[in-house]
């Protein structure tokens, strides 16, 4: 679809963690649109959300065909629901945020700072775009800043509850409250999320998706070992990165701190200051602490995963608007 005016925009999943961030950023970044419609896929839901200081009604999306009059639709939904809308091809350009939890497919996966304007221009006729997992975005951004395209890199993503959406946030809060009241009772297949860190099949699949997405984003990537674990944090996530330096370059080359300092989207933490996940909540930048040694570089990265996902999705919409002659 060629957009020839200020686009009509739909946010599907407006009551979710990322959907809320999207609505806030659309107003904060002054994205020009002619209409903004908010949807949830929860049947019969009647809710309101704050959109640029205005309380807006969120309608239940009964059928994907209800999106046919829009130019762009953000799908801030679980993967099965997003897949139903994509399969229906309702009309607008679809920006799929659920793709973050799976390996790349034939749907273009793009991200700010990693996808050039020239590359994006070649994809402008696509009907569906996907964003990478925030951890993949962070890892690829750091490796790009350091110019790391070979060697070995080990990374561990520590995912807060917000990485699992509003349902995971609610479950973590409820469990923590029950634990503090000494009345937590879990079903046989339920995992304790409050005061616990764990790695299960879901986290292992996320780790595999992150590794595959980094390779896709970089084109040429080092050998990667990626793990993921859930941590008892409500908002925000963290990533450790250990990069081996080739022996024949030990002690030579650029200062990794300065390489990261000048990279877009990265904020270097001041030496000696404590850096926790909470310090990144509300930030648009990836906050990084660096430890450089003769043969390796270690990074501690904290980031607001929901905000980073929303920023990536909105960047796609901004690029689509710029690629339309009437909106440039």
(message) Any residue in the range 145-163 that is under 20 Å from residue 228 (Cβ atoms) sitting within a Cβ distance under 7 Å of a residue that is in a strand (DSSP E or B) and modelled with pLDDT under 95? List the pairs, counting only those 6 or more apart or interchain.
(response) 152/244
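Assess whether residue 197 counts as being in contact with a strand residue (DSSP E or B) (Cβ under 9 Å, 6 or more places away or on another chain), closer than 20 Å to residue 243 by Cα and either surrounded by 11 or more Cβ atoms within 10 Å (Cβ to Cβ) or in contact (Cβ under 8 Å) with a residue 12 or more places away in the chain (or both). Don't jump to the end; show me each part of the working.
Details: in contact with a strand residue (DSSP E or B) (Cβ under 9 Å, 6 or more places away or on another chain): yes; closer than 20 Å to residue 243 by Cα: no; either surrounded by 11 or more Cβ atoms within 10 Å (Cβ to Cβ) or in contact (Cβ under 8 Å) with a residue 12 or more places away in the chain (or both): yes.
So residue 197 does not fit the description; no.
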(request) For the range 91-100, name all the residues that are more than 11 Å from residue 128 (Cα to Cα) and either part of a loop (DSSP other than H, G, I, E, B) or in contact with a helix residue (DSSP H, G or I) (Cβ under 6 Å, 6 or more places away or on another chain) (or both). (result) 98
(request) Within the range 286-328, track down each residue that is buried (at least 18 other Cβ atoms within 10 Å of the Cβ) and without any contact (Cβ under 8 Å) to a residue 24 or more places away in the chain. (result) 287, 289
(request) Could you identify the single residue in 119, 126 that is assigned to a loop (DSSP other than H, G, I, E, B) and either out of contact with any helix residue (DSSP H, G or I) (no Cβ under 8 Å at 6 or more places or on another chain) or at pLDDT below 95 (or both)? (result) 126
(message) Looking at residue 261 and the list (1) free of Cβ contacts under 8 Å to residues at least 12 places away in the same chain; (2) out of contact with any strand residue (DSSP E or B) (no Cβ under 8 Å at 6 or more places or on another chain), which single condition is not satisfied?
(response) (2)
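Quick check: is even one residue across the range 178-191 within 27 Å of residue 41 (Cβ to Cβ), surrounded by 14 or more Cβ atoms within 10 Å (Cβ to Cβ), free of Cβ contacts under 8 Å to residues at least 40 places away in the same chain and in the same structural domain as residue 230 (by TED's automatic domain parsing)? Before you say what the answer is, go through the steps one by one.
Taking the range 178-191 first, the residues within 27 Å of residue 41 (Cβ to Cβ) are 187, 189-191.
If we keep only those that are surrounded by 14 or more Cβ atoms within 10 Å (Cβ to Cβ) too, we end up with none.
Within the range 178-191, none of the residues are within 27 Å of residue 41 (Cβ to Cβ), surrounded by 14 or more Cβ atoms within 10 Å (Cβ to Cβ), free of Cβ contacts under 8 Å to residues at least 40 places away in the same chain and in the same structural domain as residue 230 (by TED's automatic domain parsing).
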(request) Kindly indicate the residue of the range 34-75 that is under 23 Å from the mean Cα position of the chain (by Cα) and in a loop (DSSP other than H, G, I, E, B) and also modelled with the highest pLDDT among those meeting that condition. (result) 71
(request) Working only within the range 136-165, note down all residues that are in contact with a helix residue (DSSP H, G or I) (Cβ under 6 Å, 6 or more places away or on another chain) and over 30 Å from residue 89 (Cβ atoms). (result) 139, 145, 146, 155, 157, 161, 162
(request) Kindly indicate whether residue 92 is within 24 Å of residue 267 (Cβ to Cβ), buried (at least 20 other Cβ atoms within 10 Å of the Cβ) and touching a residue at least 40 places away in the same chain (Cβ under 8 Å). (result) no
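Kindly establish whether residue 83 is crowded, with 21+ Cβ neighbours inside 10 Å and part of a helix (DSSP H, G or I). Break it down stepwise before answering.
Values: crowded, with 21+ Cβ neighbours inside 10 Å: no; part of a helix (DSSP H, G or I): yes.
Here the answer is no, as residue 83 does not meet what is asked.
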(request) Considering only the range 138-163, state which residues are in contact with a strand residue (DSSP E or B) (Cβ under 9 Å, 6 or more places away or on another chain), surrounded by fewer than 19 Cβ atoms within 10 Å (Cβ to Cβ) and either part of a loop (DSSP other than H, G, I, E, B) or at pLDDT below 95 (or both). (result) 150, 151
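The values are calculated or read from the model by the stated rules, or taken from the named source; none is laboratory data. Small disclaimer: the values here were computed from a predicted structure and weren't measured. Every residue, glycine among them, receives a Cβ derived from its backbone with ideal geometry; neighbour counts consider all protein chains shown.
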